[in-house]
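The values are calculated or read from the model by the stated rules, or taken from the named source; none is laboratory data. Keep in mind that this is a model prediction, so the values were computed, not measured. Please note: Cβ atoms are built from the backbone with ideal geometry, for glycine as well, and neighbour counts cover all protein chains shown.
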Amino acid sequence: MSLRKAAESNLINIMTRTKVATKRCNSLIDLTQGPILKTLIRLAVPVTISMVMFTIYLLVDLYFVGRLGPDAVAALSISSNAFFIHLGFATILGTGGMALIAQALYSVTTLT
């Protein structure tokens, strides 16, 4: 069995398991139907909540670190900015990876 055939069979197995799992889940979002604004808001709310929670975490952390002095506050501020930059790059790579995986899965289903 060639490597390509093995990869295709693995992807097909994953897709069939995903179909079974999605039949159990009733809260799927169809991005091709309905108003665009409502769909965008529905997708953006979890991300916004997570960013607000992270900001609150940083503020509480800053409050306690602030008691240690200005050098500690400066170090925390720099590391917080570095983490937000890292988070942005991770989001970009994750989104690109999901697009590539989706294209690969679609090409396997159209070939078979």
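The table below lists the values:
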{"read-out": "Criterion: without any contact (Cβ under 8 Å) to a residue 60 or more places away in the chain and in a helix (DSSP H, G or I) - qualifying residue of ALA72, ALA104", "value": "ALA72"}
{"read-out": "Among the residues listed as ASN26, ASN13, ASN81, the single one being at pLDDT 85 or above and loosely packed, with under 11 Cβ neighbours inside 10 Å", "value": "ASN81"}
{"read-out": "Evaluation of LYS19 against (1) surrounded by fewer than 10 Cβ atoms within 10 Å (Cβ to Cβ); (2) basic (Lys, Arg); (3) at pLDDT 70 or above (one fails), failing number", "value": "(3)"}
